[in-house]
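What follows is one structure encoded as structure tokens, with my remarks underneath.
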């Protein structure tokens, strides 16, 4: 919302943003970094929240606290009988002008002192970091032909340059091996894609990016794509996963309390990298992720997307695809039901990802089921009552959207069953990504469910081109 | 034995601070006769109820003020808006409707 208000002010149209009190500091931080420090922000005050206050309290708070700022900002007058509001400009934050240059030495000390210093500065994720010294950074840079000063993008909300150089620095800090550098660069390219909406990575659901790696690089770097694939324990999976969150913290500026830009309600830890091993693909006869996403067998790729929730482990048995899909659907629907409304609120953009052990995907392959058939079966049978969908939408804060109207405008078909109207939980079957990974000796699957257009699935090729 | 010392570099990146046009956007707002206020909404957190209260207060303060409802623009966070030039087109769309000020809601 703040980005819209800032865009209008920058275009010369007076605007005022309304925020709940708890989000006003984040709003000001975005306004300041966007060059609109004077943007008026009308705060809905606490204690109490918009969705928990009584209608009487809601009306009083809007009238007494929100209206004065809005009227002054847009009419240039104070409402009759009201006290002049506190000017938003009074809370202007200083612009930074004395930051270090990218390659400058910012501190010198023992490893413990460096870690203490970085933590004090907000440059750490709370785990020990490897000290980023020039010679170690240079080792990372030797694995790419790209200019260290190349600006890959500018990442909001702090609007900092994402460069080849700081990609190496943060990869080093996270414990990556220097040779992972091409993977790190592909990930940063994905984070910089505007469709990823990294500026919304501090939103209250507390979603985390999930990186999936597919291609020869998996075996070359010895990623774990088998048993315990999503556990911390294998260096490339763990450290590259950690790198993503560290980079978002240091370069995008998404820092949790006491900073204000990460407003995750509860949040979750970083995801290790999901690797699709060649062995899993070969054992299961299932198309690889890179082929599913339109790349060639010799390509190595990363796919980066949001994960808002994860299903429990799903066990399935039987020799027919439908036996397995019935079990997968029953658990998937349970986890998906609380976030399915996002596809309606935002108008599409959904990225469900299913990790299936090779023993499960082999059932589909051996039965001659294509990827499209499996996707279609899941999408056609993932339905939920319309009124439940409306309720989840409402409690999450969306108060002005009709699921029925949205379904109609999106061309979706609603079904009736036992007197209840059922709506699709997955609005685009082609968005379902199936990854063969995990313990080949077990009949298990797991769903990783996205946060809609926030953290849209972005795919980039990994360029292993250092000379 | 002394611990080795590490001379460490900065892990952040140069910050881009966009400078707005330093416009005194609100100069003479009070004296304008033709006030038109637009409401932009993400269809969340009872913005519609807030707009009703704001609309009423503004009419009391400046009778004759005109209003443009959020349905004219749709959900300003939706894919069809954000990814299809909605934000970029907004200033011209608003100007074409004679809008003099915009309420954007609700961040929560």
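Going residue by residue through the range A:345-363, is there one that turns out to be surrounded by 18 or more Cβ atoms within 10 Å (Cβ to Cβ), within 14 Å of another protein chain (Cβ to nearest Cβ), at pLDDT below 95 and outside any loop (DSSP other than H, G, I, E, B)?
For the range A:345-363, residues surrounded by 18 or more Cβ atoms within 10 Å (Cβ to Cβ), within 14 Å of another protein chain (Cβ to nearest Cβ), at pLDDT below 95 and outside any loop (DSSP other than H, G, I, E, B): present.
What number goes with the only condition from (1) within 22 Å of residue A:431 (Cβ to Cβ); (2) crowded, with 23+ Cβ neighbours inside 10 Å; (3) in the same structural domain as residue A:406 (by TED's automatic domain parsing) that residue A:289 does not pass?
Failing condition for residue A:289: (3).
Pick out the one residue from A:302, A:331 that is under 20 Å from the mean Cα position of the chain (by Cα) and either away from every other protein chain (no Cβ under 14 Å) or in a helix (DSSP H, G or I) (or both).
None of the other options fit; the residue is A:302.
So which residues in the range A:406-430 are touching a residue at least 40 places away in the same chain (Cβ under 8 Å) and touching a strand residue (DSSP E or B) at 6+ places or on another chain (Cβ under 9 Å)?
A:407, A:423, A:424, A:425
Residue under question is residue A:94, and the condition is that it be exposed (fewer than 14 other Cβ atoms within 10 Å of the Cβ), at pLDDT below 95 and in a loop (DSSP other than H, G, I, E, B); does it hold?
It is true that residue A:94 is exposed (fewer than 14 other Cβ atoms within 10 Å of the Cβ), at pLDDT below 95 and in a loop (DSSP other than H, G, I, E, B).
Identify, by number, the condition in (1) closer than 30 Å to residue A:35 by Cβ; (2) surrounded by 21 or more Cβ atoms within 10 Å (Cβ to Cβ) that residue A:217 doesn't meet.
(1)
Looking at A:102, A:131, A:148, which is the one that is under 28 Å from the mean Cα position of the chain (by Cα), crowded, with 21+ Cβ neighbours inside 10 Å, outside the structural domain of residue A:6 (by TED's automatic domain parsing) and in a loop (DSSP other than H, G, I, E, B)?
A:131
So which residues in the range A:31-66 are in a helix (DSSP H, G or I), within 9 Å of chain B (Cβ to nearest Cβ) and within 24 Å of residue B:38 (Cβ to Cβ)?
Selection gives A:58, A:59, A:62, A:63, A:66.
Which numbered condition trips up residue B:97, out of (1) within 17 Å of the chain's Cα centre (by Cα); (2) within 27 Å of residue A:341 (Cα to Cα); (3) surrounded by fewer than 18 Cβ atoms within 10 Å (Cβ to Cβ)?
(2)
If you go through the range B:96-103 one residue at a time, do you hit one that is more than 7 Å from chain A (Cβ to nearest Cβ), out of contact with any helix residue (DSSP H, G or I) (no Cβ under 7 Å at 6 or more places or on another chain), in a helix (DSSP H, G or I) and at pLDDT 95 or above?
Yes, that holds for at least one residue.
Could you tell me whether any residue of the range A:68-78 is in a loop (DSSP other than H, G, I, E, B) and either touching a residue at least 24 places away in the same chain (Cβ under 8 Å) or more than 8 Å from chain B (Cβ to nearest Cβ) (or both)?
For the range A:68-78, residues in a loop (DSSP other than H, G, I, E, B) and either touching a residue at least 24 places away in the same chain (Cβ under 8 Å) or more than 8 Å from chain B (Cβ to nearest Cβ) (or both): present.
Give me the strands (runs of 3 or more DSSP E) completely within the range A:371-439, filtered to those with at least 2 residues that are within 20 Å of residue A:330 (Cα to Cα) and at pLDDT 95 or above, ordered by residue number.
Answer list for the range A:371-439: A:383-385, A:420-424, A:433-436.
Residue-wise test of (1) in contact (Cβ under 8 Å) with a residue 60 or more places away in the chain; (2) more than 30 Å from residue A:193 (Cα to Cα); (3) over 20 Å from the mean Cα position of the chain (by Cα); (4) more than 9 Å from every other protein chain (Cβ to nearest Cβ).
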site: B:5; (1), (2), (3), (4): no, yes, yes, no
site: B:11; (1), (2), (3), (4): no, no, yes, no
site: B:33; (1), (2), (3), (4): no, yes, yes, yes
site: B:37; (1), (2), (3), (4): yes, yes, no, no
site: B:73; (1), (2), (3), (4): no, no, no, yes
site: B:79; (1), (2), (3), (4): no, no, no, no
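Residues in the range B:12-34: is at least one crowded, with 20+ Cβ neighbours inside 10 Å, modelled with pLDDT of 90 or more and farther than 30 Å from residue A:410 by Cβ?
The answer is yes; a qualifying residue exists.
Working only within the range A:165-187, note down all residues that are surrounded by 22 or more Cβ atoms within 10 Å (Cβ to Cβ) and either part of a loop (DSSP other than H, G, I, E, B) or within 11 Å of chain B (Cβ to nearest Cβ) (or both).
Answer for the range A:165-187, where residues must be surrounded by 22 or more Cβ atoms within 10 Å (Cβ to Cβ) and either part of a loop (DSSP other than H, G, I, E, B) or within 11 Å of chain B (Cβ to nearest Cβ) (or both): A:165, A:166, A:167, A:168, A:169, A:170, A:171, A:172, A:173, A:174, A:176.
Taking the range A:4-22, which residues are in contact (Cβ under 8 Å) with a residue 60 or more places away in the chain and either crowded, with 22+ Cβ neighbours inside 10 Å or not assigned by TED's automatic domain parsing to the domain that holds residue A:69 (or both)?
A:14
The values are calculated or read from the model by the stated rules, or taken from the named source; none is laboratory data. Quick caveat, the model's predicted, so the values are computed rather than measured. Note that each Cβ is placed from the backbone with ideal geometry, even for glycine, and that neighbours are counted across all protein chains shown.
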